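Some notes on the structure that comes next.
The values are calculated or read from the model by the stated rules, or taken from the named source; none is laboratory data. These numbers were taken from a predicted model, which means no experiment stands behind them. Ideal geometry is used to build each Cβ from the backbone, glycine not excepted, and the neighbour counts take in all protein chains shown.
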2 protein chains.
Amino acid sequence: MARPTIADIAREAGVSKGAVSFALNGRPGVSDETRKRILEIVERRQWRPHSAARALGRSSTGLVGLVSARPARTLGVEPFFAQLISGLQAGLSAHGVGLQLMVVEDTEAELEVYRSWAAENRVDGVVLLDLLTPDPRIAELDRIGLPAVALGDPARGQRISTVVADDRAATRTIAEYLAALGHTRIHHIAGLPSLRHTRRRIGALKSAADTLGLQVATTTTDFSDTEGAAATRAALTARPTPSALIFDSDLMAVAGLGVAMEMGRSVPRDLSIVSFDDSVLARLMHPSLTALSRDTFALGEQVADCLMQTVAAPTTPVRMQASVPQLVVRESTTPPQS
Amino acid sequence: MARPTIADIAREAGVSKGAVSFALNGRPGVSDETRKRILEIVERRQWRPHSAARALGRSSTGLVGLVSARPARTLGVEPFFAQLISGLQAGLSAHGVGLQLMVVEDTEAELEVYRSWAAENRVDGVVLLDLLTPDPRIAELDRIGLPAVALGDPARGQRISTVVADDRAATRTIAEYLAALGHTRIHHIAGLPSLRHTRRRIGALKSAADTLGLQVATTTTDFSDTEGAAATRAALTARPTPSALIFDSDLMAVAGLGVAMEMGRSVPRDLSIVSFDDSVLARLMHPSLTALSRDTFALGEQVADCLMQTVAAPTTPVRMQASVPQLVVRESTTPPQS
DNA sequence: GCAGTCCACAAAACCGGTCTAGTTCATCGA
DNA sequence: TCGATGAACTAGACCGGTTTTGTGGACTGC
């Protein structure tokens, strides 16, 4: 038999469509007895409301969107992304909400996706990753009225819900650890300079360095292993040579480790390495890499909660604090041997 | 002003709703002149049809689903998954179709998701990954009438669209290469034995070994770095020691490389290593890993095309052939030095 | 005893599209 | 000259829910 509709259920229960709808959504208007009877029939017939009909009636889709403007190549190697999506999706599922995914070329295409989604009522809200300085997406989402949650730390004054990742504290943790080991000349191999969190890390490292009396140099890259390797080569050729390197991603750290070995530097004896991101990779290397570790899955869940709140009350931005990542010390760091 | 509806557009153009719908969908029933006028107004007002209304009318959602029952931890490190999704999504976008993603614990939960999606009309079709032996999902999808495409090579007799990845040919490539180098004792560290492609690889390797006169042993694992490392340790302890190892994933290959180093085996002098999967990882290692490389992004696009065809004609399964992966020889393989 | 409330439900409008069954009018062939 | 044909539209049913409005009966307070 064809898929039953709410009318079939209503007929079988001897009530109107409205009564079934009320019973199903736990709203007043039906007696407990009738509600129970209706729900039993629903259960027995395995009926579920048609998502499109429901979306049309109440104008909410039960879907949120995530657009990634990262190059497809970078996408998989960074476990961060997949972990975040897993957590996000788990958090959304608890609310019966699905996740629509989109991968695009650049920010302009990303904006176009948001415009489409809003015009077609495809999603109830979106998650914003990789905040830029300045970020045109926030204003545009505000203009088209699409609820959103940003992961990071948007410029003050921007009205948008945010799960704040405290990169400053994390950065300070690394700086203090290296300073405590006795390192004084540090090179920071950072990511894309257009990203807010890259700038924040650079800024935080600078100010921590000033406080701790460290000399810090920074190179920005596009997060690729190639540029990470090139930057490492340059950093190790410069005089005076740094005794420790900080990498913004574990992939670059792995590439950097390879370069160091090629150049005859023994890690950690001649050179200490710290990564801003942790994953199986950092654990698997020889030597294994000291890294900042965070529970990305839990972060995703938090973003999901934040987004659900924002979708429910779009006019009042929510601000949440992500837990501060912990430094996991492994084999790649040691006091300098000079 | 509120979002315009098709009625607003019709009013402005001085035609009926039906005419606008026809013009928009490129169907006959309106003159070229009128069509042009309508489309101009649509463009100027930036109107887009409401996805739910459209879905309700024509009962198609413009969405396909992908469920992953892999553990969340494994999910990110394997670049395969992200690459495939990127390609899949790109291929779907060309048809104006979106991708809904779901991560679940196990196959039972995955089946439940399919049932929900079908009952609620949430997606037009789904993509099936990691085929099992036997795979309960195929029969269930058939039962609930949800169009699907499988990636791999389902058991004969199962009616389902498939993008066939020729693991046999790929496996033979590896075996012949190692045989040509002069290796005779090979250990294969495989993935989950419940996966069809794991079995296929094991089988293909056995038969290739028979033909080529190789001695092949196999250990199955859960794809994790931990089990990969343990299996490597066991393989290198056994007598006679294998002169070459084949890993089913690059993550396990990396773990295995580490174990080999710990045990004092120099790669490739004392031991050759080949990986079934290629990614940045395999390139970054020291020594870099010889690996089977395939264009996963293109594979995703192919799966998208296959799914679109299947959704259009659900009763006639489509069978496509994925391109055979190429062996990329790097530093981890060499003739045995005995 | 009776108007006023409240409850439980039915009936119908509505969401914003698609699609079918007419209707009108110009064109064509005999 | 007139019916047949078909192109170009219109009107309205329809998709399957949600939400509003209406209604009969039980219960309340005075």
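Per the conditions (1) under 28 Å from the mean Cα position of the chain (by Cα); (2) buried (at least 16 other Cβ atoms within 10 Å of the Cβ), the sole criterion not satisfied by residue A:217 is (2).
Quick one: which of B:82, B:23, B:53, B:90 is assigned to a helix (DSSP H, G or I) and more than 9 Å from chain A (Cβ to nearest Cβ)? Only one candidate qualifies: B:23. Taking the listed residues A:291, A:282, A:229, A:255, the one that is in contact with a helix residue (DSSP H, G or I) (Cβ under 6 Å, 6 or more places away or on another chain), buried (at least 21 other Cβ atoms within 10 Å of the Cβ) and not in a helix (DSSP H, G or I) is A:291, with no other qualifying. Here residue B:13 does not fit the description of being within 12 Å of DNA strand C (Cβ to nearest atom), buried (at least 17 other Cβ atoms within 10 Å of the Cβ) and not assigned by TED's automatic domain parsing to the domain that holds residue B:119.
Just checking, does segment A:30-45 include any residue being within 12 Å of DNA strand C (Cβ to nearest atom) and in a loop (DSSP other than H, G, I, E, B)? Yes, because at least one residue in segment A:30-45 is within 12 Å of DNA strand C (Cβ to nearest atom) and in a loop (DSSP other than H, G, I, E, B). Taking segment B:129-140 as the range and being among the hydrophobic types (A, V, I, L, M, F, W, C) and touching a helix residue (DSSP H, G or I) at 6+ places or on another chain (Cβ under 6 Å) as the test, only B:131 passes. Looking at A:54, A:58, just one residue is at pLDDT 95 or above and within 16 Å of DNA strand D (Cβ to nearest atom), and that residue is A:54. For segment B:174-186, the criterion of being charged (D, E, K, R) and farther than 30 Å from residue B:245 by Cβ is met by no residue. I want to confirm something. Restricting to segment A:1-10 and keeping residues that are of a type outside the set (A, V, I, L, M, F, W, C) and under 21 Å from residue B:53 (Cβ atoms), which single residue is nearest to DNA strand C (Cβ to nearest atom)? Top of the filtered list is A:5.
Checked against the criterion of being among the hydroxyl-bearing types (Ser, Thr, Tyr) and either over 18 Å from residue A:289 (Cβ atoms) or touching a residue at least 40 places away in the same chain (Cβ under 8 Å) (or both), the candidates A:211, A:221 yield just one match: A:211.
None of B:105, B:110, B:120 is within 30 Å of residue A:277 (Cβ to Cβ) and within 11 Å of chain A (Cβ to nearest Cβ) except B:105. Note on segment A:120-132: among residues that are at pLDDT 95 or above and not polar (S, T, N, Q), the one that is surrounded by the fewest Cβ atoms within 10 Å (Cβ to Cβ) is A:120.
Just one of (1) β-branched (Val, Ile, Thr); (2) more than 13 Å from DNA strand C (Cβ to nearest atom); (3) at the interface with chain B (Cβ under 8 Å from one of its Cβ atoms) fails for residue A:64. It is (3). Among the residues of segment A:254-266, those identified as of a type outside the set (Gly, Ala, Ser) and more than 31 Å from the chain's Cα centre (by Cα) are A:261, A:262, A:263, A:265.
Considering only residues that are within 16 Å of residue B:245 (Cβ to Cβ) and β-branched (Val, Ile, Thr), look in segment B:294-338 and name the one that is surrounded by the most Cβ atoms within 10 Å (Cβ to Cβ). Filtering segment B:294-338 for residues that are within 16 Å of residue B:245 (Cβ to Cβ) and β-branched (Val, Ile, Thr), the one surrounded by the most Cβ atoms within 10 Å (Cβ to Cβ) comes out as B:333.
A residue that is more than 29 Å from the chain's Cα centre (by Cα) and in the same structural domain as residue A:199 (by TED's automatic domain parsing) can be found somewhere in segment A:242-253. Just one of the listed residues (A:269, A:283) is among the charged types (D, E, K, R), free of Cβ contacts under 8 Å to residues at least 60 places away in the same chain and not assigned by TED's automatic domain parsing to the domain that holds residue A:80, namely A:283. The set of residues from segment A:46-61 being touching a Lys or Arg at 6+ places or on another chain (Cβ under 7 Å) and near DNA strand C (Cβ under 9 Å from one of its atoms) is empty. Counting residues in segment A:230-245 that are within 14 Å of chain B (Cβ to nearest Cβ) and modelled with pLDDT of 95 or more gives one or more.
Inspect all residues belonging to segment B:109-123 and state whether any of them is more than 15 Å from the chain's Cα centre (by Cα), of a type in the set (Ser, Thr, Tyr) and at positive phi. No: zero hits. Filtering segment A:81-95 for residues that are of a type outside the set (A, V, I, L, M, F, W, C) and within 16 Å of DNA strand D (Cβ to nearest atom) leaves a non-empty set.
Comparison of A:229, A:217, A:235 shows that the only residue that is under 21 Å from residue A:169 (Cα atoms) and of a type in the set (Gly, Ala, Ser) is A:217. Going residue by residue through segment A:31-40, is there one that turns out to be of a type in the set (A, V, I, L, M, F, W, C), buried (at least 22 other Cβ atoms within 10 Å of the Cβ) and either away from chain B (no Cβ under 12 Å) or free of Cβ contacts under 8 Å to residues at least 40 places away in the same chain (or both)? Checked segment A:31-40: at least one residue is of a type in the set (A, V, I, L, M, F, W, C), buried (at least 22 other Cβ atoms within 10 Å of the Cβ) and either away from chain B (no Cβ under 12 Å) or free of Cβ contacts under 8 Å to residues at least 40 places away in the same chain (or both).
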